[in-house]
Amino acid sequence: MTDSLRRWFMPLATAIALMAGTLAGTAALAASDCGGKGERACCALERPGKPCNSGLKESGTCKKNCACGTGPGSSIGICVSKDNDDGPMIPPLPAPPKASACGAAGQRACCALERLPSCNAGLVEKAGCSGNCACGVNATTGLDVPGDASGTCARPASCGAKGERPCTLDVQIALGRKSCNAGLAEDFAARRCVDDSAAFREAQCHAVVGAMQAGTLPDAFKPFIDEAAKHTPKLPRPEALAKATAYVKPLAPIVPELQRIYTEVAKSKDLFRPETLCSPSRLQARLKELSARLEPVVRSFLPTYSGHFHMAYTLNASVAAGPGIQAGYALATDYAGGTGVYVYLGPALVANASLGDSVGVQFYPQVTLASFEGWGLGFGVSAGPPTKVFSGGVDVAFTDRGTPVGIGVSAAVGLGALPVDVGVSATHAWKLWSTK
């Protein structure tokens, strides 16, 4: 090698050697130990899935000699004891509050997905919850229920005795009782429980019927609207038709007489004038005229019945209740001196929304007079009282569980004209007066 080449090559060789030394030094730094206590956490390509040795965890931030030994990049954290923490890389989500007990007096009301009813027997749910109101766990599924309780369980104030306020709807449901104690009646205007008597019942009947015919719904009835709206199961059209057809077939002989009575009652609506509806003597006389024609027909094809089937005459008066609500009057009678007059209320369904004041005449072969009061049989079970399922002039009354209980005639729209399945709507009926 000539001196000129040597002079050119030696500096280049020196530079290459220095660069190699530098790279070697970098490789040495990148190969620093990892996974031990205080050491950088191993990178993913160094030790997949196990950045730290047993008993250690990755935490904090690596600040020195952090280059990965295999592959590019640097370690993020360092390895520390599991009972030590230099600060998590990502703050954990706050733990949800532990749910408090529910259902007892003074406790939060249980959330709907935890259990129903929301309060223990004899208690009612009052609006508002303070403190820890977080929902708990569904006992059946074992799943956490999201959200918070909206109420608190409490013992209801004394109600239902003479002179006291009537028990509210939530108390009636919780305690399984009526608004007033036995032997008392609810004064819908004064909102008090008073002595029950024929004179009081007749006076209240005049007041309630008169108010509703004037377009005013008593305040005492309004809380029942929302409760009734919670119970609107759908009865599929094919199922409704099948049940109705099977139920009507053996009762077909009574239909012509029901149609004749319906025509007479619908023409005059005299049964529903306050002076008739609220006067036991006048109403009994008028019903006797109607039943005198019907009873022989009934007995001719139901000879084994003892006389405790019932006829019901209804007048839907939705105008009095307002949009989306159906209300009306009903009188029920057997042919053994049992008669009752009721006012009923529930959510209006598509079929009866435009009926206005419409009369219905129904025949119930196997119910008691008591079944016409309170929740249960009801009158406006769908499409006006009762459910209209045939366009040929025959109605079928269903209970709120979809069981046929009677047939009748009314101006309700037929099932074939409805755009939806039959809605079986719960209603509530209050007794204005009865002979039993």
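Do you know which residues across the stretch 23-55 are assigned to a strand (DSSP E or B) and either modelled with pLDDT under 85 or open to solvent by 30 Å² or more (accessible area, probe 1.4 Å) (or both)?
Here is the first cut: in the stretch 23-55, the ones assigned to a strand (DSSP E or B) are 34, 40.
Within the stretch 23-55, 34 is the sole residue that qualifies.
Just to be sure, is residue 99 open to solvent by less than 90 Å² (accessible area, probe 1.4 Å), at pLDDT 50 or above and under 30 Å from residue 153 (Cβ atoms)?
Criteria met by residue 99.
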Whichever residue in the stretch 147-163 is assigned to a loop (DSSP other than H, G, I, E, B) and closer than 18 Å to residue 101 by Cβ and, among such residues, is most open to solvent (accessible area, probe 1.4 Å): 155
Odd one out for residue 298 among (1) surrounded by fewer than 20 Cβ atoms within 10 Å (Cβ to Cβ); (2) at pLDDT 60 or above; (3) closer than 25 Å to residue 268 by Cβ; (4) of a type in the set (A, V, I, L, M, F, W, C): (1)
Evaluation of residue 218 against (1) open to solvent by 50 Å² or more (accessible area, probe 1.4 Å); (2) at pLDDT below 90 (one fails), failing number: (1)
Test result for residue 317, at pLDDT 75 or above, farther than 14 Å from residue 340 by Cα and surrounded by 16 or more Cβ atoms within 10 Å (Cβ to Cβ): no
Top-ranked residue of the stretch 164-189 - restricted to ones that are under 18 Å from the mean Cα position of the chain (by Cα) and aliphatic (A, V, I, L, M), ranked as most open to solvent (accessible area, probe 1.4 Å): 173
All strands (runs of 3 or more DSSP E) inside the stretch 329-436 with 3 or more residues being at pLDDT 75 or above, closer than 22 Å to residue 260 by Cα and of a type outside the set (Phe, Trp, Tyr): 357-364, 404-410
Residues (part of a loop (DSSP other than H, G, I, E, B) and modelled with pLDDT under 90) located in the stretch 132-144: 138, 139, 140, 141, 142, 143
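The values are calculated or read from the model by the stated rules, or taken from the named source; none is laboratory data. Everything numeric in this text was worked out from a predicted model, so none of it was measured. Note: ideal-geometry Cβ built from the backbone for every residue, glycine included; neighbour counts use all protein chains shown. Note: areas computed on protein heavy atoms with side chains; ligands, DNA, RNA excluded. Shrake-Rupley method; radii C 1.70, N 1.55, O 1.52, S 1.80 Å.
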